[in-house]
């Protein structure tokens, strides 16, 4: 009964929205992404709320009557659209709908599907070899292959740096790189000026689902062997019950490892954590621009300790060269060599860099330029 009720609630919350901007344009666009921010307002829990709203706004500005649908909607008729944007089930429907005339723009928020699945399953296998358990719920494995969408779409817009965009280029000739946006809620300069004592020994993991995929297991393995440095964990980790059970001792019985659960970036707790930490550490195996890392940098000036697979680069990063504890140790030891003054100097530089490059304004400007000038005019022609 509870499952049925949840399905009904989800259906009504995510039902499609027709002609969201109430216009009389003759051209029609379908945005397949998330419905929530259009129906209930934008939240700062994830940048995808802002991204979705921005997509809709741009399509409206370009003269399209805009319909919104949830990415997993399998029922919507795709035959009457001029352009379909985003990702999800509608792209597969287009392939199997003979009279679908829509041009398709695939919005990728991660590296190419096959590559990401390969990387995330390697991480899951690695944990199994160490712990003897399969933590599939802590991967980011996608069963349905979006490689077909990468191939059949008229263009791909890839969130992240060139590493992310390059993963699509063997499947599509029209791939465009787009920097991820961040929510700015705090003044990073104020945070840096008010750092707490020993901040250079404090490291923050700030992430969402897919805890093994995002390297939290590696950090727990390493930090649990140290009592002179501190790991702070922010994220709603409690949904991944098998992970919690497997790493219960490391998570909850080590004095140098602090678990906060989900932390609102507008809360005093988030501000306190940023003041406590000098670094954000994120050994993920695959990301699309890692907005969670950028959020910590742009709001708190935290220096990134990251893998290349996060697909961000600020010019001030400490690189984790491999997905293992030895590489974590090398990166952390390098960070510990930084003096307090040096950390603050770099923090100001990296905070300014991220705030300028990854602002919401730049995201809007760059996305509109790509859609209007590089895809619609150059590759599709005016519909």
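Out of the residues in region 151-162 meeting the condition of being in contact (Cβ under 8 Å) with a residue 24 or more places away in the chain and over 19 Å from the mean Cα position of the chain (by Cα), tell me which one is farthest from residue 182 (Cα to Cα).
152
Write out, first by first residue and then by second, each pair whose Cβ atoms fall under 6 Å of each other, whose residues are 6+ apart or on separate chains, and whose first residue, in region 57-72, is in the same structural domain as residue 28 (by TED's automatic domain parsing) and free of Cβ contacts under 8 Å to residues at least 60 places away in the same chain while the second is assigned to a helix (DSSP H, G or I) and crowded, with 21+ Cβ neighbours inside 10 Å.
Correct list of pairs: 66/56; 66/59.
When you check residue 179 against the structure, is it without any contact (Cβ under 8 Å) to a residue 60 or more places away in the chain and closer than 28 Å to residue 105 by Cβ, yes or no?
no
Residues checked against (1) modelled with pLDDT under 95; (2) closer than 28 Å to residue 15 by Cα:
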| site | (1), (2) |
| --- | --- |
| 60 | no, yes |
| 66 | no, yes |
| 76 | yes, yes |
| 81 | no, yes |
| 95 | yes, yes |
| 100 | yes, yes |
| 116 | no, no |
| 119 | no, no |
| 130 | no, no |
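Please state which of the following conditions residue 169 fails to meet, knowing it meets all the rest: (1) farther than 22 Å from residue 365 by Cβ; (2) in contact (Cβ under 8 Å) with a residue 40 or more places away in the chain; (3) surrounded by 15 or more Cβ atoms within 10 Å (Cβ to Cβ).
Single failed check for residue 169: (2).
Please go through region 224-259 and pick out each residue that is farther than 17 Å from residue 212 by Cα and within 19 Å of the chain's Cα centre (by Cα).
none
Starting from residues that are at pLDDT 90 or above and exposed (fewer than 15 other Cβ atoms within 10 Å of the Cβ), keep the ones in region 1-20 and report whichever is farthest from residue 73 (Cα to Cα).
Ranking the qualifying residues of region 1-20, first place goes to 19.
Out of (1) over 26 Å from the mean Cα position of the chain (by Cα); (2) crowded, with 20+ Cβ neighbours inside 10 Å, what's the single condition that is false for residue 95?
Evaluating residue 95 over (1) over 26 Å from the mean Cα position of the chain (by Cα); (2) crowded, with 20+ Cβ neighbours inside 10 Å leaves (2) as the failure.
Condition first: touching a strand residue (DSSP E or B) at 6+ places or on another chain (Cβ under 7 Å), in the same structural domain as residue 342 (by TED's automatic domain parsing), within 22 Å of residue 136 (Cα to Cα) and at pLDDT 95 or above. Can you find one or more residues in region 183-203 that meet it?
Taking every residue of region 183-203 in turn, none turns out to be touching a strand residue (DSSP E or B) at 6+ places or on another chain (Cβ under 7 Å), in the same structural domain as residue 342 (by TED's automatic domain parsing), within 22 Å of residue 136 (Cα to Cα) and at pLDDT 95 or above.
Would you pick out the residues in region 104-114 that are in contact with a strand residue (DSSP E or B) (Cβ under 6 Å, 6 or more places away or on another chain) and either at pLDDT below 95 or assigned to a loop (DSSP other than H, G, I, E, B) (or both)?
Of everything in region 104-114, just one residue is in contact with a strand residue (DSSP E or B) (Cβ under 6 Å, 6 or more places away or on another chain) and either at pLDDT below 95 or assigned to a loop (DSSP other than H, G, I, E, B) (or both), namely 109.
Condition first: without any contact (Cβ under 8 Å) to a residue 12 or more places away in the chain, over 20 Å from residue 189 (Cβ atoms) and out of contact with any strand residue (DSSP E or B) (no Cβ under 9 Å at 6 or more places or on another chain). Can you find one or more residues in region 247-264 that meet it?
Within region 247-264, one or more residues are without any contact (Cβ under 8 Å) to a residue 12 or more places away in the chain, over 20 Å from residue 189 (Cβ atoms) and out of contact with any strand residue (DSSP E or B) (no Cβ under 9 Å at 6 or more places or on another chain).
Criterion first (in contact (Cβ under 8 Å) with a residue 24 or more places away in the chain and more than 21 Å from residue 39 (Cα to Cα)) does residue 129 satisfy it?
Against the criterion (in contact (Cβ under 8 Å) with a residue 24 or more places away in the chain and more than 21 Å from residue 39 (Cα to Cα)), residue 129 does not qualify.
The values are calculated or read from the model by the stated rules, or taken from the named source; none is laboratory data. Keep in mind that what you see is a predicted model, and the values were worked out from it rather than measured. For neighbour counting, all protein chains shown are included, and Cβ atoms are generated from backbone atoms with ideal geometry for every residue, glycine included.
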